[in-house]
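Q: Next up is a structure, given as structure tokens.
Throughout, read-outs are computed from the coordinates displayed, never taken from laboratory work. As the structure is a prediction and not an experimental result, all values here were calculated from the model. Using ideal geometry, Cβ is built from the backbone for each residue, glycine included, and neighbour counts are taken over all protein chains shown.
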Amino acid sequence: MDSQDEAKANESKANQTQTVEAVTGRVVFATSNKGKIAEIQAILADWGVPVLTMAQAGFSGDITEDGDTFADNALIKARAVWAQTKGLVMADDSGLCVDALGGEPGVLSARYLGEDTPYSRKNQAIIDRLSGAAGQERSARFTSAIAAVAPDGREFVTQADVEGLIAYEPAGDGGFGYDPIFIVPQYGKTTAQMTMEEKNGLSHRGKALRMMKELLERTGIV
């Protein structure tokens with residue numbers, strides 16, 4: 001890249017950041033999960049604005065996630081937070097879908113065996129239910145839908161998957177949720193064993209969030 005092209009690239013990035021700040025001053029993500037917000041902040045870093053949890057943005061109240069799909073639930077959360085905070089609000093609904101279990105836990109992933117049940121127990125329960133299953137009989141996918149409500153009220157949804165297999169035992173202490181039992185074959189390890197860079201490069205949430213980032217930029221929201 002010559003000096004003229006580099007100057008144009010820097011000017012474009014500066015203009016993009018100014019646009020986000022002028023429109024919102026921040027991005028609010030409808031979550032209180034610290035692991036999730038770290039992943040989101042890393043992907044949206046080049047916008048140059050704070051990424052806040054819904055609590056940090058002043059949201060209070062409960063949100064009932066009673067949608068039939070991941071996209072439904074993501075929109076429910078984004079709309080509820082946007083109603084209080086305005087600006088640019090994003091939300092996600094993600095889950096693990098295990099083929100041999102008829103797609104369970106699916107949209108009930110966070111509430112599987114009860115909302116207060118530790119993921120160590122949820123993970124072990126899934127492994128136990130797959131006893132006797134081998135190879136592709138253990139196929140599963142992480143699905144993530146990202147919803148965004150723009151400052152002017154327009155709504156956007158993106159969705160992505162990552163395919164994998166259920167491990168025979170949990171492995172890794174990174175990530176959160178079902179990460180310790182989800183193996184990505186091309187890496188030969190669970191998502192809980194991956195670095196943040198590896199996970200952001202292929203994760204369901206990372207894919208869907210990058211799709212949303214591109215969509216919002218393309219439509220002029222940021």
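Q: Across region 108-222, how many lysine pairs separated by 8 or more positions, or lying on different chains, have Cα atoms within less than 21 Å?
A: Counting lysine pairs in region 108-222 gives 5.
Q: Once you list every other residue whose beta carbon is under 13 Å from the beta carbon of E137, what net charge do they have if Lys and Arg are +1 and Asp and Glu are -1?
A: It works out to a net charge of +1.
Q: Next up: Putting +1 on Lys and Arg Cβ atoms and -1 on Asp and Glu Cβ atoms, find which of I183, L130, S203 reaches farthest to the positive end of the dipole of region 3-218.
A: S203
Q: Related question: Mind telling me which of F70, F156, F182 comes out most flexible in a GNM of the chain, alpha-carbon contacts under 10 Å?
A: Checking each option, the largest mean-square fluctuation is seen for F156.
Q: One-quarter of the Cα convex hull surface for region 99-203, in nm²?
A: 7.8 nm²
Q: Go through L44, A57, A150 and say which Cα lies farthest out towards the positive end of the charge dipole of region 43-179; charges sit on Cβ, +1 for Lys and Arg, -1 for Asp and Glu.
A: A57
Q: May I pose another question? Just to confirm the number: angle between the C-alpha axis of helix 34-43 and the first principal axis of the chain, 0 to 90 degrees, nearest 10?
A: The angle comes out near 50 degrees.
Q: Under unit Cβ charges (Lys, Arg +1; Asp, Glu -1), what dipole magnitude, rounded to 20 debye, does region 3-218 have relative to its Cα centre?
A: Result for region 3-218 is approximately 240 debye, rounded to the nearest 20.
Q: Then there is this: Using a cut-off of 12 Å between beta-carbons, work out the net charge of the residues near Q193 (Lys and Arg +1, Asp and Glu -1, Q193 not included).
A: The answer is -1.
Q: Another question, then. How much of the DSSP beta bridge set in the chain is antiparallel, as a percent to the nearest 5?
A: 80 percent
Q: Read through the labelled values [x] 126; [y] 87; [z] 136 and report the label of the one computed as volume of the Cα convex hull per residue in Å³ from the structure.
A: Only one option fits the structure, namely [x].
Q: Something else about it: Cβ under 13 Å from G153's Cβ, G153 left aside: what net charge do those residues give with Lys, Arg +1 and Asp, Glu -1?
A: With Lys, Arg at +1 and Asp, Glu at -1, the neighbours total +1.
Q: Beta carbons within 10 angstrom, averaged per residue: use that to sort the peptides 166-178, 116-128, highest first.
A: Ranking the peptides 166-178, 116-128 by packing returns 166-178, 116-128.
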